[in-house]
Structure formats: C-alpha cells, structure tokens
1. Let me check I've understood the local charge: for Lys33, count other residues with C-beta under 15 angstrom from its C-beta, Lys and Arg +1, Asp and Glu -1. What total comes out?
2. Phe44 versus Phe68, label points 7 Å from Cα toward the beta carbon: distance in nm?
3. Residue by residue, what Karplus-based ³J(HN,Hα) values in Hz, rounded to whole numbers, does the stretch 37-43 have, using 6.51, -1.76 and 1.60 with θ = phi - 60° and x for Gly and Pro?
4. Write out the chymotrypsin sites (Phe, Trp or Tyr not before Pro) in the chain meeting two conditions: DSSP loop, and at most 14 other Cβ atoms within 10 Å of their Cβ.
5. Check which residues have an amide H placed less than 5 Å from Val93's amide H, if you skip close sequence neighbours.
6. On alpha carbon coordinates alone, what is the Rg over Rh value for the chain, Rh being the Kirkwood radius?
7. For every other residue with a beta carbon closer than 15 angstrom to the beta carbon of Lys78, add +1 if it is Lys or Arg and -1 if Asp or Glu, then tell me the sum.
8. Each label point is 7 Å from the Cα along the Cα-to-Cβ direction; what then is the distance between the points at Ala89 and Lys75, in nm?
Amino acid sequence: MLFSNEREIIGSYKMLPTKDADAIYSQKSMLLKAAKFLKLVGWFCIILGLPMLFMLVPGIIMIGLGVFLLVRANKNIKVIEQATEAYCAEIGVAPV
C-alpha cells in the first residue's frame, strides 16, 4: 500500500457486507496496519542507512528511501482517516 487514494479506501469499506461501526473500525485498523508497517520500514531504512554512510552513496540512498517511505506512510494515514470520516458521514454512522 505504497500509494493509496480516497476512492480505493471507500471502495474497501463498501465491500463490507455490513455497515456496522465495528466492521468499519476493523477495516480501518487493517488499512492502518499496512500504513504503519510502511512507516516501520521507513525508520528501518533510515537506521540501516546511518552506518552505511561510510560508503556515502548507499547510505544516502537508504536514508532518502527511508524519508520517502515515512512521508508516504504519513500521507496514507491521513488519507485513511479522511476517507473513513467521509464514508461514515455518507452512511450516517458516527466516525470511528
């Protein structure tokens, strides 16, 4: 889930068999789990890139990749939160 948009997330909510708040919360946590894993990989790349700086080029590339993944993961988390609020408002359920 490197790149996600609001349409895909709302589509995953619409595929649920029920419109219950618990089901929406469970789907949201599954989506957030993937985004948080991406964040963890970003931090891992940064930490791995620091000792690699003695070789200069690989270290810079690893740190750059880590920063890119962190920024992307934070954007994905915000999009998931916004899409969840929009979908809950659309079906008339309190946001989870």
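1. Values: positive: Lys28, Lys36, Lys39; negative: Glu81.
That sum, taken over residues with Cβ under 15 Å, equals +2.
2. It is 1.7 nm.
3. Values per residue, Gly and Pro as x: 5, 4, 5, 5, 5, x, 5 Hz.
4. Numbers: sites: Phe3, Tyr13, Tyr25, Phe37, Trp43, Phe44, Phe54, Phe68, Tyr87; in loops: Phe3.
Hits after loop and neighbour filter: Phe3.
5. Under 5 Å from the amide H of Val93: no residue qualifies.
6. Working: Rg = 16.9 Å, Rh = 14.5 Å.
The Rg/Rh ratio comes out at 1.16.
7. On the way: positive: Lys28, Lys36, Lys39, Arg72, Lys75; negative: Glu6, Glu8, Glu81, Glu85.
Taking every other residue near Lys78 into account, the sum is +1.
8. 2.2
Every number in this text was worked out from the coordinates using simple rules, so none of it is lab data. Everything quoted here is computed from the prediction, not taken from an experiment. Cβ: placed from backbone, ideal geometry, glycine included. Neighbour counts: every protein chain shown.
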